[in-house]
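The values are calculated or read from the model by the stated rules, or taken from the named source; none is laboratory data. None of the values given here were measured: they were computed from a predicted structure. Every residue, glycine among them, receives a Cβ derived from its backbone with ideal geometry; neighbour counts consider all protein chains shown. All accessible areas refer to the heavy atoms of the entire protein, side chains included, with ligands and DNA or RNA removed. Shrake-Rupley method; radii C 1.70, N 1.55, O 1.52, S 1.80 Å.
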Amino acid sequence: MISFNKATNTFRLDTTNSTYCITIAAKGYVAHSYYGPKIGNDDTTYLLRQMEYPFADSPTFREKLSLLDFLHQEMPTDGVGDFRKTALAVTNSSGNNAIELKYAGYKIVDGCPSLQGLPCVFDKTNKAQTLIITTKDEILGVDVELYYTVFDDTDEIVRSSKIISHAAEPVYIKKAMSLAFDMDNDNYDAITLNGSWGRERHLDRHTINMGTLEACSTRGVTSHQEHPFLAILDKTAGNDNGKVYGVNFIYSGNFSAVIQRNQFDSLRVLMGINPENFCWKLEPGAAFETPQAVLVFSNNGLNGMSHAFHDLYRNHLIRSPYKNQMRPVLINNWEATYFNFDTQKLLDIAREAHKDGIEMLVMDDGWFGKRDFDDNSLGDWVVYEKKLQGGLKNLVDQVNALGMKFGIWFEPEMVSKDSELLRAHPDWAIQIKGREPGMARAQFVLDITRKEVRDYIMDSVEKILHSANIEYVKWDMNRQVCDVGSIDLPADQIGEYFHRYVLAVYEMQERLITNFPNLLLENCSSGGARFDPGMFYYSPQIWCSDNTDATERLFIQEGTAIVYPLSTMGAHVSVCPNHAIGRVTPFKTRGYVALSGTFGYELDITKLSAEDRAMVPQQVALYKKFSPLVREGDYYRIASAAQTVDYDCWASISRDKTRALVTFVQLYNRANYKTRMVKIPGLDANRTYKITWPDEDQKKFPPMTLTGATIMNAGIPIRRDWGDYQGQLIYLEG
Ligand code: GLA
């Protein structure tokens with residue numbers, strides 16, 4: 001999969017469907033010579049065009065700047081004449097900003113090296129290979145190792161780097177992107193994922209104009225607003241056709257994702273920790289590892305890209321024992337009761353839920369301290385006995401006695417202004433000395449970069465978990481990080497804070513899953529502000545959004561599923577009018593949309609109408625039947641509400657192409673609309689499929705039998721339903 005051609009000084013990385021070439025160029029620069037569909041075993045050095053610029057190869061190297069102005073590079077550096085956005089900036093102890101990397105050697109090793117304290121891909125079968133290219137700046141005394149891992153079963157290249165100092169004095173890393181490469185612009189478009197609270201990860205497709213396009217976060221978390229994902233794709237690329245380059249980042253904090261289109265109409269692509277507010281002091285002999293970034297090439301449009309990302313994350317990143325298991329159908333009391341509940345109320349919900357096949361009660365916010373509202377008690381992880389009469393164990397035992405599991409909510413990184421914890425330790429909130437820190441939701445962020453703070457919080461969380469049979473934790477994080485100051489870090493290390501914060505979150509979650517190996521952990525951040533692959537290393541599922549409206553979820557789940565497996569998307573059925581936006585949609589459709597995620601309920605089941613309630617056991621049965629297909633199958637985006645205006649459609653298709661579950665949601669009915677023929681891709685052309693509508697109330701649609709070729713090219717009939725927001729679930733088996 002990885003080879004080195006001595007004659008051409010070129011490394012060649014082959015994945016299932018792509019080739020990536022790195023060439024050691026003039027003067028030892030590590031250049032990027034090719035990435036795209038598989039190519040022949042040719043000399044690719046002509047692709048560097050080194051001779052096209054005057055004197056680029058002259059013995060005196062007179063025109064270094066001409067070369068660096070256009071050379072396609074693997075790790076472009078700051079301060080020495082590449083005037084594009086660079087990937088690495090280092091200053092020495094005199095404050096000079098310059099680093100110039102020259103090739104010094106390479107190693108090809110089996111497997112994937114792991115990173116210290118950071119989530120990273122793994123390979124249980126040891127069929128992955130990693131190329132490590134060593135580069136050096138002799139003057140600065142810094143080595144940079146470039147890591148490239150490829151797998152035998154998916155199409156990714158996973159990149160990161162290690163910066164090692166041999167300097168006599170400390171040096172300061174001002175920028176350390178995990179991934180960089182340059183490519184010719186073939187009139188490409190770009191896709192980014194943008195949004196807001198309750199509107200996370202909406203697909204945004206745009207022209208790549210001259211200049212810089214950046215998606216980034218400075219919020220301490222990945223954010224609702226922008227996402228560490230970029231796709232660069234043919235103008236004509238669609239769901240199943242065209243070239244697509246996808247870039248993603250295995251990290252959960254401030255990031256920057258950049259496409260820069262320059263004077264020569266080439267594109268520079270960067271992904272890494274956001275250099276803004278970042279500066280890492282590297283002591284002599286120390287090393288800094290960047291998080292991993294993932295690069296995917298698909299010659300089969302966006303679906304091909306999604307399959308590659310999904311496979312990597314399912315097979316090589318998610319560690320939880322639950323990843324290949326059916327998750328318990330849960331009912332969460334947040335939208336059911338908010339803060340207004342007690343033991344009796346929770347037991348009423350659990351009792352009724354159990355009758356309908358729901359398997360786990362999750363007690364959300366409000367069970368600790370004196371938390372009757374969101375303005376107090378975060379950090380005081382002791383049971384609020386006024387609500388939980390008889391204590392937590394009593395409640396959990398009674399829930400267990402019904403035959404249900406029990407789960408609980410924490411927000412471990414936070415402290416309320418009104419809390420015993422802050423009164424005892426006013427300096428534990430992140431703050432700049434002499435400046436009143438900004439509040440959000442009446443809370444401050446704890447300085448978890450301090451070990452004593454981490455230990456205190458994790459001890460209190462674990463005490464609760466040991467006190468009763470708790471099998472699930474929802475780990476929330478409901479505000480962003482600012483006013484960054486630290487009593488531990490000296491002035492020249494404050495720039496390390498945001499990264500140290502993320503490392504601290506990882507350390508706390510690692511401790512949790514190590515000490516509770518059977519715990520089902522779901523991450524959350526005001527909905528989906530920390531939906532990122534970094535969190536997959538700790539939790540197999542993440543709450544997608546606080547917006548549970550079925551039609552808003554079409555946009556949110558589409559943008560999420562383009563990168564992340566459906567098995568990771570926390571999705572629940574809630575009541576209408578929807579609590580986030582007030583829209584009314586059919587209960588049936590809410591179920592269909594949630595079935596494409598982890599599936600559960602977020603409502604007071606005791607108050608459901610008889611008609612809706614009757615659907616709950618049917619929905620649970622559908623989940624039981626189809627969840628393995630959704631979890632393990634290939635996701636196909638078929639039609640997007642964002643583009644078609646009036647309908648949305650996607651499918652999960654088994655790897656052997658014998659089964660497919662198609663979900664169709666009609667957004668608006670329109671007068672005189674006819675039956676729509678929807679073409680389902682990804683089937684076996686020669687196989688004959690039985691097509692059924694498996695939901696009870698859709699038995700009205702007669703089953704059909706068609707070959708894969710006909711279904712893929714002529715389509716299946718989706719009849720118009722009366723009213724808006726109607727859904728259909730269609731099952732194909734052959
Ligand atoms: C966040 C979460 C919600 C809920 C509340 C509780 O907003 O996203 O699901 O847990 O916090 O305060």
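Table for the structure above
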| read-out | value |
| --- | --- |
| Chymotrypsin sites (Phe, Trp or Tyr not before Pro) restricted to the range 655-711 and DSSP loop, no more than 15 other C-beta within 10 Å | Tyr668, Tyr673 |
| Between helix 343-355 and the chain: long-axis angle, C-alpha atoms, 0 to 90°, nearest 10 | 90 |
| Rounded to whole Hz, the Karplus (6.51, -1.76, 1.60) HN-Hα couplings of the range 324-330, x for glycine and proline | 9, 10, 5, 7, x, 5, 10 |
| Sulfur and carbon atoms: percent of accessible area, the chain [1.4 Å] | 49 |
| Length added when fully stretched, Thr212-Thr606, from 0.36 nm per residue minus Cα-Cα | 136.5 nm |
| Full-stretch length increase - Ser467, Asp265 - with 0.36 nm per residue and alpha-carbon distance subtracted | 66.5 nm |
| Charge dipole (the chain, unit charges on Cβ, about Cα centre) - positive-most of Val620, Val382, Thr598 | Val620 |
| Charge dipole (the chain, unit charges on Cβ, about Cα centre) - positive-most of Phe516, Asn254, Gly198 | Gly198 |
| Listed pairs Lys355/Lys393; Lys345/Lys370; Lys345/Lys405; Lys433/Lys474; Lys281/Lys451 exceeding 24 Å between Cα atoms | Lys433/Lys474 |
| Cα-projected label distance for Trp722 with Ala709, points at 7 Å along beta-carbon direction, nm | 4.0 |
| Spin-label model distance (nm) - Met1 vs Arg613, 7 Å beyond Cα toward Cβ | 5.4 |
| Overall form of the range 464-551 per C-alpha gyration tensor (a/c, 1.5; a/b vs b/c) | oblate |
| Whole-angstrom gap from the range 644-684 to the range 366-439, using each part's C-alpha centre | 44 |
| Gyration tensor (alpha-carbon) shape descriptor, the chain, a/c threshold 1.5 | oblate |
| Accessible area per residue, Å², the chain with all protein chains present, probe 1.4 Å | 35 |
| Trypsin sites (Lys or Arg not before Pro) restricted to DSSP loop in the range 88-151 with at most 13 other C-beta within 10 Å | Lys124, Lys127 |
| About the Cα centre, charge dipole magnitude for the range 117-255 (Lys/Arg +1, Asp/Glu -1 at Cβ), debye | 460 |
| Angle between the chain longest axis and helix 610-632 axis [Cα atoms, degrees, rounded to 10] | 30 |
| 3J(HN,Hα) from dihedral phi, the range 502-516, Karplus parametrisation 6.51/-1.76/1.60, rounded to Hz, x for glycine, proline | 5, 4, 5, 4, 4, 5, 5, 6, 5, 4, 4, 6, 6, 6, 10 |
| For the range 169-186, 3J(HN,Hα) per residue [Karplus equation, 6.51 cos²θ - 1.76 cosθ + 1.60, θ = phi - 60°, Hz, x = Gly/Pro] | 10, x, 10, 10, 7, 9, 7, 9, 6, 7, 9, 8, 7, 10, 8, 5, 8, 9 |
| Sites Lys624 and Leu65 - FRET efficiency at Förster radius 60 Å, r taken between beta-carbons, to 0.05 | 0.40 |
| Contour minus Cα-Cα distance for Thr125 and Lys433 (0.36 nm per residue) | 105.8 nm |
| Lysines with Cα under 30 Å of Lys235, excluding same-chain neighbours fewer than 8 positions away | Lys38, Lys85, Lys243, Lys657, Lys679 |
| Amide H contacts under 5 Å for Tyr35, placed H, 5+ residues apart | Cys21 |
| Placed amide H near Phe368: partners under 5 Å, 5+ positions off or other chain | Tyr384 |
| Helix-derived mean residue ellipticity, 222 nm - over the chain, DSSP H n ≥ 4, -39500 (n - 2.57), to 500 | -6000 deg cm²/dmol |
| Electrostatic dipole magnitude of the chain [Cβ: Lys, Arg +1; Asp, Glu -1; Cα centre; debye, to 20] | 1540 |
| 5 angstrom amide H check on Trp409, placed H, neighbours 5+ away | Met363, Lys474 |
| Nearest-ten-degree value, helix 550-561 long axis tilted from longest Cα axis of the chain | 30 |
| Solvent-accessible area of Asp43 with every protein chain in place, 1.4 Å probe, in Å² to the nearest 10 | 80 |
| Whether the range 506-556 is rounded, prolate or oblate, judged on the alpha carbon gyration tensor where a/c under 1.5 counts as rounded | prolate |
